[in-house]
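Here the structure is laid out as structure tokens; the discussion comes afterwards.
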Amino acid sequence: MAIITKEALKNALDEAQRIILTVHVHPDGDAIGSMVAFYEALSNEGKEVTMVVDDTVPAKYSFLAQVAHIKQPSEVLDWQADMLLVLDASTFERIGKVGSLCKAPIFNIDHHISNSQFADSLYLCPEFAATGEILTYLCDSWGWPITPSMANALYMAIATDCGFFRFSNTTEQTLRMGALCVANGAQPNIVSEHVEVTTAARIEVMKEALQTIQFFKAGRVAIIALDEALMAKVGDDTDGYVDLIRNVDTVDIAILLKAVDAHTTRVSLRAKVTDVNAIANQFGGGGHVKAAGCTINANIQGAIEHLLAVIA
Ligand code: AMP
Ligand code: MN
Ligand code: MN
């Protein structure tokens, strides 16, 4: 493993001809926006680029033109490449099957403080709010053109990881990179309309989800839980649920629990003060200091007990 500079990354990209791009499973706005923007940037540099993700891409991101080119692993006919470029993923496991199917040297551009340094070459910026912020900064410093479609994708990547410029990871530079995207043609209202879209059916499910909210530790911890029946109604798009509790005045740690099966619960953690990356680490997960995730081998009630046991 080597930590590389942006100059070394640029040299490696200049030398590579065939590049396979991938992102983490359960892809979010930062993962998809970053991947399609860099797909376009690298294609404009004359590279032969394939995008692959070992998961379904939520429909709300399909307004970005290049999303239609994202492949499933089974659709990739040729895994030969000069480089496997992994965006927004902090561990080897998070890229799913792609890691074993592609044998090319792994380059990783990421912003997770918990990055396991799995790549052969790592360009890591934990102080950046989003991988999309890193890519905007790189394109700008390398003089790579940011087209209007790249700008929209990069704006979406940045905005979704910093709560549309509200969360504690929003820095002066985050805002400047967002502004640079707008200067190059990003449309904040169009991005918001697609990414924050909801439906009457989703509101109905949210009503049920609201009834599961529980407070612990004198109101410092709030938990909202989607059991298997609710998860079946919600589908893959669980964005917005943890936001129902994170702004409660007494709450420091907001937790969303998602039942996978009777023995497995996925956990999303958000905090105002506490280091939730440290909590997620205890269950083999990670993320950022104020936003992290993990999977616990227990049902929802068991997960609540395990989590409360490690929270001070
Ligand atoms: P989420 O709650 O899924 O939005 O994730 C919050 C942050 O934690 C994101 O930066 C994720 O990449 C990270 N994260 C979520 N789940 C895991 C996991 N199982 N392992 C490592 N990082 C995770
Ligand atoms: Mn992500
Ligand atoms: Mn990210």
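The values are calculated or read from the model by the stated rules, or taken from the named source; none is laboratory data. In this text, all values refer to a predicted model and were calculated from it rather than measured experimentally. Every residue, glycine among them, receives a Cβ derived from its backbone with ideal geometry; neighbour counts consider all protein chains shown. What goes into the accessible areas is simple: the full protein's heavy atoms, side chains included, and nothing from ligands, DNA or RNA. Shrake-Rupley method; radii C 1.70, N 1.55, O 1.52, S 1.80 Å.
Restricting attention to the range 86-101, does a residue exist that is in the same structural domain as ILE134 (by TED's automatic domain parsing), surrounded by 17 or more Cβ atoms within 10 Å (Cβ to Cβ), within 19 Å of the chain's Cα centre (by Cα) and free of Cβ contacts under 8 Å to residues at least 24 places away in the same chain? Scanning the range 86-101 turns up at least one residue that is in the same structural domain as ILE134 (by TED's automatic domain parsing), surrounded by 17 or more Cβ atoms within 10 Å (Cβ to Cβ), within 19 Å of the chain's Cα centre (by Cα) and free of Cβ contacts under 8 Å to residues at least 24 places away in the same chain. For the range 105-114, taking the residues that are open to solvent by 10 Å² or more (accessible area, probe 1.4 Å) and closer than 22 Å to ALA37 by Cα, the one that is nearest to ligand 1 (Cβ to nearest atom) is identified as HIS112. Applying the condition of being of a type outside the set (D, E, K, R) and within 15 Å of ligand 1 (Cβ to nearest atom) to the range 127-141 and asking which residue is surrounded by the fewest Cβ atoms within 10 Å (Cβ to Cβ) yields PHE128. Any residue in the range 70-85 that is buried (at least 24 other Cβ atoms within 10 Å of the Cβ), assigned by TED's automatic domain parsing to the domain that holds ILE146 and either polar (S, T, N, Q) or in contact with a Leu (Cβ under 6 Å, 6 or more places away or on another chain) (or both)? Scanning the range 70-85 turns up at least one residue that is buried (at least 24 other Cβ atoms within 10 Å of the Cβ), assigned by TED's automatic domain parsing to the domain that holds ILE146 and either polar (S, T, N, Q) or in contact with a Leu (Cβ under 6 Å, 6 or more places away or on another chain) (or both). Within the range 142-153, is there a residue that is buried (at least 23 other Cβ atoms within 10 Å of the Cβ) and within 16 Å of ligand 2 (Cβ to nearest atom)? Yes. Taken over the range 4-44, the criterion of being more than 14 Å from ligand 2 (Cβ to nearest atom), open to solvent by 50 Å² or more (accessible area, probe 1.4 Å) and more than 12 Å from LEU138 (Cβ to Cβ) is satisfied by ASN11, ASP14, GLU15, GLN17, ASN44.
Inside the range 252-284, can you point out the residues that are touching a residue at least 40 places away in the same chain (Cβ under 8 Å) and either within 16 Å of ligand 2 (Cβ to nearest atom) or open to solvent by less than 20 Å² (accessible area, probe 1.4 Å) (or both)? Within the range 252-284, ILE253, ILE255, LEU257, ALA259, VAL267, ASN277, ALA280 qualify.
Scanning for something more than 16 Å from ligand 1 (Cβ to nearest atom), in the same structural domain as SER43 (by TED's automatic domain parsing), β-branched (Val, Ile, Thr) and closer than 26 Å to LYS290 by Cα, does the range 147-154 turn up at least one residue? No, every residue in the range 147-154 fails to be more than 16 Å from ligand 1 (Cβ to nearest atom), in the same structural domain as SER43 (by TED's automatic domain parsing), β-branched (Val, Ile, Thr) and closer than 26 Å to LYS290 by Cα. Checked against the criteria, GLU127 counts as at pLDDT 95 or above and more than 19 Å from TYR39 (Cβ to Cβ).
Residues of the range 161-196 that are part of a loop (DSSP other than H, G, I, E, B) and either loosely packed, with under 14 Cβ neighbours inside 10 Å or not assigned by TED's automatic domain parsing to the domain that holds ALA37 (or both): ARG166, GLU196. Filter the range 286-312 down to residues that are within 16 Å of ligand 2 (Cβ to nearest atom), without any contact (Cβ under 8 Å) to a residue 40 or more places away in the chain and open to solvent by 20 Å² or more (accessible area, probe 1.4 Å) and give me whichever is nearest to the chain's Cα centre (by Cα). Ranking the candidates gives GLY293 first.
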